[in-house]
Amino acid sequence: MDKFDKRQLFMYFAWVVSLIATLGSLYFSEIKGFIPCELCWYQRIAMYPLALILGIATFKQDFSVKKYMLPIAIIGWCISLYHYLEQKVPGFAPVRPCVGSVPCNMEYINWLGFMTIPFLAFVAFTLIIIFMFCVKTNKN
């Protein structure tokens, strides 16, 4: 019997985080009725494929997916960070005017005074990046 492979566990954790983030964003928009702003859509564009591809790769034990998923997660992380700064740092929002019907600095939720939807996405992308870095593409 093969020794337990930690890479599989890290892939599984990354997939679970992406799945929770995807379902959470759908909950906020489809059930709570929150209309996503433009930056929220870009974060979704990065997160949704992660949930699908990481799920497939996890169960197929395809660790080479790291080289494709890590850049997408890093791009989503950057967008989430920018979006969060736009919400929380005074003077940051006017850098780029919002063209959509919902302003990007609007806060639908503000749990504990700092947890907004972009913050939740930022945490999810951070965890996925950490788990992806923990997945070694060759066994050592």
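One line per residue, one yes/no per condition, for (1) out of contact with any helix residue (DSSP H, G or I) (no Cβ under 6 Å at 6 or more places or on another chain); (2) modelled with pLDDT of 95 or more; (3) loosely packed, with under 12 Cβ neighbours inside 10 Å:
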{"site": "8", "(1), (2), (3)": "yes, no, no"}
{"site": "31", "(1), (2), (3)": "yes, yes, yes"}
{"site": "66", "(1), (2), (3)": "no, no, no"}
{"site": "88", "(1), (2), (3)": "yes, no, no"}
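So, in the stretch 24-39, how many residues would count as being within 12 Å of residue 108 (Cβ to Cβ), free of Cβ contacts under 8 Å to residues at least 24 places away in the same chain and part of a helix (DSSP H, G or I)? Qualifying residue count for the region: 2.
Residues in the stretch 110-136 that are assigned to a loop (DSSP other than H, G, I, E, B) and either free of Cβ contacts under 8 Å to residues at least 24 places away in the same chain or among the charged types (D, E, K, R) (or both): 110, 112, 113, 136.
Filter the stretch 43-81 down to the residues that are without any contact (Cβ under 8 Å) to a residue 12 or more places away in the chain, assigned to a helix (DSSP H, G or I) and either of a type outside the set (A, V, I, L, M, F, W, C) or in contact with a strand residue (DSSP E or B) (Cβ under 6 Å, 6 or more places away or on another chain) (or both) and list them by number. Hits for the stretch 43-81 are 60, 71.
Considering only residues of the stretch 95-124 that are hydrophobic (A, V, I, L, M, F, W, C) and farther than 17 Å from residue 28 by Cα, which is modelled with the lowest pLDDT?
To start, the set of residues in the stretch 95-124 that are hydrophobic (A, V, I, L, M, F, W, C) comprises 95, 98-99, 102, 104, 106, 109, 111-112, 114-115, 117, 119-124.
Filter again for farther than 17 Å from residue 28 by Cα, leaving 95, 98-99, 112, 114.
Details: 95: 57, 98: 64, 99: 65, 112: 93, 114: 92.
Restricting to residues being hydrophobic (A, V, I, L, M, F, W, C) and farther than 17 Å from residue 28 by Cα, the top hit is 95.
Select from the stretch 1-23 the residues that are in a helix (DSSP H, G or I) and of a type in the set (Lys, Arg) and write down the one among them that is farthest from residue 133 (Cα to Cα).
We begin by selecting, within the stretch 1-23, every residue in a helix (DSSP H, G or I); these are 6-23.
With the extra rule that they be of a type in the set (Lys, Arg), the set shrinks to 6-7.
Numbers: 6: 12, 7: 10 Å.
Going through the qualifying residues, I end up with 6.
The values are calculated or read from the model by the stated rules, or taken from the named source; none is laboratory data. Here the structure is a predicted model, which is why all the values come from computation and not from measurement. With ideal geometry, Cβ positions are generated from the backbone for all residues, glycine too; neighbour counts draw on all protein chains shown.
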